[in-house]
1. Could you give me the residue pairs with C-beta distances under 7 Å whose first residue belongs to the range 100-125 and is more than 18 Å from Ala64 (Cβ to Cβ), whose second residue is modelled with pLDDT under 95 and outside any strand (DSSP E or B) wherever it lies, and which are 6+ apart or on separate chains?
2. Restricting attention to the range 50-79, and to residues there that are touching a strand residue (DSSP E or B) at 6+ places or on another chain (Cβ under 6 Å) and β-branched (Val, Ile, Thr), which single residue is farthest from Asn19 (Cα to Cα)?
3. Can you tell which of Gly154, Gly175, Gly193 is small (Gly, Ala, Ser), surrounded by fewer than 16 Cβ atoms within 10 Å (Cβ to Cβ), out of contact with any strand residue (DSSP E or B) (no Cβ under 6 Å at 6 or more places or on another chain) and over 30 Å from Pro94 (Cβ atoms)?
4. Considering the range 31-60 alone, what residues qualify as being surrounded by 15 or more Cβ atoms within 10 Å (Cβ to Cβ), part of a loop (DSSP other than H, G, I, E, B) and modelled with pLDDT under 95?
5. Among (1) in contact with a strand residue (DSSP E or B) (Cβ under 7 Å, 6 or more places away or on another chain); (2) open to solvent by less than 70 Å² (accessible area, probe 1.4 Å); (3) in a strand (DSSP E or B), there is one condition Leu82 misses while meeting the rest; what is its number?
6. Filter the range 61-79 down to residues that are assigned to a strand (DSSP E or B) and not β-branched (Val, Ile, Thr) and give me whichever is farthest from the chain's Cα centre (by Cα).
7. Between Gly68, Gly99, which is open to solvent by less than 20 Å² (accessible area, probe 1.4 Å), of a type outside the set (Ser, Thr, Tyr) and farther than 30 Å from Gly197 by Cβ?
Amino acid sequence: VLAGFAGGAEAQKPRPTGNTPSLNGAQVIPRGRTALGITVGYPSLRLHAVWGVGRNFDVGLMPALTYGTRFDGYRQRLGLNLQIPLRWALADKPNFNFGFRLMPYFRIGEGSPAFSVGGNVGFRFGIAMPRVFTLIFGPEGRIGFASVGDTTPGRANGLDAELTGMVGLESYFKGKWLFSLEMHFGHLFGTGGLPGGGFIYRTWLGFAYVFR
């Protein structure tokens, strides 16, 4: 009886593969399904809506409330950040996947004021772990225009860019819930009076529900 119970419990454990849906990794949300979720951490609280458009493509909407002040790379204190992730799953094997992400963004917030517009381009890799989690990671670059400061000559306008690396863990369980942990580390660049050279650190933890 104990052996049967143990075997049943083992069967209930989610075993990720290269096809396991992802919120922030390389694999997309399945076609015809929608994922709604929330992630919280530094430097923002984010809402996620992701629609599975095709077999290898999904579209997202990610509004966020930003409250970070240091190491966030957003050049604002309190503000709104709207991102539109477009994701393509390029390859998937039994325990590995690889994808590409393009993400236009617009930010506005407290920085007397601060606003910026641009886009992120990055790659995502996923490695299915032996039991519950998928390891997700990849490089990402961002380039855009930012305007920060008072409306006096002290205002700084110029190129706003960064290079970051992302690493995290995800789990997809009961065929409808997604758990996500992600961390970003990188370097900030700026021209035209915008300071560069800053260290970037961001981390978020959250869940999403995948509707059928």
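The values are calculated or read from the model by the stated rules, or taken from the named source; none is laboratory data. Small disclaimer: the values here were computed from a predicted structure and weren't measured. Heads up, the Cβs are rebuilt from the backbone with ideal geometry, glycines too, and the neighbour counts pull from every protein chain shown. What goes into the accessible areas is simple: the full protein's heavy atoms, side chains included, and nothing from ligands, DNA or RNA. Shrake-Rupley method; radii C 1.70, N 1.55, O 1.52, S 1.80 Å.
1. Final answer for the pair search is Ser112/Gly149; Ser112/Asp150.
2. Ranking the qualifying residues of the range 50-79, first place goes to Thr66.
3. Unique residue meeting the criteria: Gly154.
4. Once the filter is applied, which keeps residues that are surrounded by 15 or more Cβ atoms within 10 Å (Cβ to Cβ), part of a loop (DSSP other than H, G, I, E, B) and modelled with pLDDT under 95, the range 31-60 yields only Pro43.
5. It fails just one condition, (2).
6. Gly79
7. Going through Gly68, Gly99 in turn, the sole match is Gly99.
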